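Novice: Quick one: structure below, then a few questions.
Quick note: the coordinates plus some simple rules give every number you see, no bench work behind them. Because the structure is predicted, anything quoted here is derived from the model rather than measured. Here Cβ is always computed from backbone atoms with ideal geometry, including for glycine, and neighbour counts include all displayed protein chains.
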Amino acid sequence: MTVRPLPDSQFDGWLAAESALYEAERRANGDAPDVAARKSVESNETNFPDGRPLPTHRLLEVLAEGVPVGTLWIGPLDESRPAEWWVYSIDIDEVSRGHGYGRAAMSLAEVVARDNGATTIGLNVFGDNARAQNLYRSLEYRVTAIQMSKEL
């Protein structure tokens, strides 16, 4: 497994798909449609000023034996705390799931983050994503916060 920068020719399509996925995940986890849409726009404005990733962020293509199988987006959680990195998104193509590529990509994320000065790496996982939660636990990520809600 390796990673390389996502080709510029794929960036616009990736960002559109990533934004739609983020918005859909927020709706599925309780946000009203307008709130989910606003959160997606705010995320893009913060992380992709001028339509490009922040200079400290890494948008990577995940490759298995030279064949693209997914994407990985990592970078500092906050520009004022450059040693605290975050996995903003990891997406392994549906047909490539179940082969250990997500686990390998997460290990590569740690290497890239460490090579860029990170001392910690964190992530958010939605409550209904049991498969990802199990993966992260097996990689020794620990729960640092839990958000809960209830329909009224």
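Novice: For a quick protection proxy, order the peptides 131-141, 87-97 by their average other-Cβ count within 10 Å, most packed first.
Specialist: For the peptides 131-141, 87-97, the packing ranking is 87-97, 131-141.
Novice: Please state, as a whole number in µm²/s, the translational diffusion coefficient that the Stokes-Einstein equation yields for the chain at 10 °C and 1.306 mPa s, with Rh defined as the Kirkwood radius across alpha carbon pairs.
Specialist: For the chosen part, D equals 97 µm²/s.
Novice: I've got another one for you. Mean Kyte-Doolittle of at least -1.0 plus a Cα span of 18 Å or more along the axis: flag which DSSP H helices in the chain meet both, please.
Specialist: Once both thresholds are applied, what remains is 8-28, 101-115.
Novice: In µm²/s, what is D for the range 1-75 at 25 °C and 0.890 mPa s, where D = kT/(6 pi eta Rh) by Stokes-Einstein and Rh is the Kirkwood radius from Cα pairs?
Specialist: Details: Rh = 13.3 Å.
So the translational diffusion coefficient is about 184 µm²/s.
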